[in-house]
Amino acid sequence: MRPRIQYGQNFLIDLNLLELLFDTAEVGPNDVVLEVGAGTGALSAMLASLAAAVVSVEIDRNLAEIAREEIALFDNATLLVQDALKNKNRLDAAVLDTVRARLAEAPGRRFKLVANLPYNVATPVISNLLAHGPVPDTMTVTIQMELAERIASPPNTRDYSALSVWVQSQCHVRIVRSIPPSAFWPRPKVTSAILQITFDPALRSRIGNLDFFHTFVRSMFFHRRKVLRSELRAAFKEFDKHTVDAILEAQGLTGETRAEQLSVEQMIALADEVRGRLPNGASEQVAPARE
């Protein structure tokens, strides 16, 4: 068995840290757990021992055979041998449909993501689960420390980004602890972290249009050092200079304000202001993506 670089495979071999990841997730008998990157199935078996159902995804067929043996005794565990992502903006429908089916099997079931996420899919998995649902109650994952810090970062810091705003606009974020490279095989060149993201419906209810807000935030951070006036004019061709200035003034912002200076609450308010000023019929459309 050899780790495959293209799949971002780094196996968590420190059993104490694997236990910490598992314990932090607080998996119970009403939980349906999604695991992306099943690896050899060690975490899969731990999850299946307590959860109502586990849906594990592994893209590497050789590893999947080992994982399948590990969970063979658990009839509540499903192993999907495929890519968890359809593309960078969507999880694969088969994965989400399987999760929905397990959730529908009994009333009161909750959805959780628990995974040693492969480095190369961590961002799209976290971001897209919040965008397209079902949304996990919690996401307890191992990821690069750099990414964990970016997700948890406050405004006016180097790491504050569109991803920070997107996750914090709907969730509470906690870095549980750092993980040294020695805890993995093969050893990565970076420090990792256990991160827990807890969804809060009250936070999400502040967002007027989720799809619009998702793309709006990415547009505002597209050129990080540009001022908001420039970003708004580039993203919304419907607005002339005077309209953009009026939008900023209405929100108490100047023409020199940058996206990285706005709190999550200010970004939500700005998105609503922009959406409210779009021409009739355009207010429910998503701001143009420029990726």
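The values are calculated or read from the model by the stated rules, or taken from the named source; none is laboratory data. Just so it is clear, the structure is predicted and the values come from calculations on it, not from any experiment. Quick reminder, even Gly has a Cβ in these numbers, built from the backbone with ideal geometry, and neighbours come from all protein chains shown.
Of everything in the stretch 134-156 that is surrounded by fewer than 21 Cβ atoms within 10 Å (Cβ to Cβ) and touching a Leu at 6+ places or on another chain (Cβ under 8 Å), the residue that is modelled with the lowest pLDDT is P134.
L203 meets the stated requirement of being touching a His at 6+ places or on another chain (Cβ under 9 Å) and either over 18 Å from A259 (Cβ atoms) or assigned by TED's automatic domain parsing to the domain that holds T40 (or both). Restricting attention to the stretch 208-256, the residues that are more than 22 Å from Q168 (Cβ to Cβ) and among the polar types (S, T, N, Q) total 3.
Of all residues in the stretch 157-190, those satisfying the criterion of being among the aliphatic types (A, V, I, L, M), under 27 Å from N16 (Cα atoms) and either surrounded by fewer than 19 Cβ atoms within 10 Å (Cβ to Cβ) or within 13 Å of the chain's Cα centre (by Cα) (or both) are V173, I175, V176, V190. Note on the stretch 149-238: enclosed helices (runs of 4 or more DSSP H) holding 3 or more residues that are of a type in the set (D, E, K, R) are 228-235.
If you go through the stretch 206-229 and keep only what is exposed (fewer than 14 other Cβ atoms within 10 Å of the Cβ) and modelled with pLDDT of 95 or more, you end up with nothing. Out of A106, A52, A84, one residue alone is modelled with pLDDT of 95 or more, surrounded by fewer than 22 Cβ atoms within 10 Å (Cβ to Cβ) and out of contact with any Lys or Arg (no Cβ under 9 Å at 6 or more places or on another chain). It is A106. Residues that are hydroxyl-bearing (S, T, Y), touching a residue at least 40 places away in the same chain (Cβ under 8 Å) and assigned by TED's automatic domain parsing to the domain that holds L18: does the stretch 60-78 have at least one? Among the residues of the stretch 60-78, not one is hydroxyl-bearing (S, T, Y), touching a residue at least 40 places away in the same chain (Cβ under 8 Å) and assigned by TED's automatic domain parsing to the domain that holds L18, which makes the answer no.
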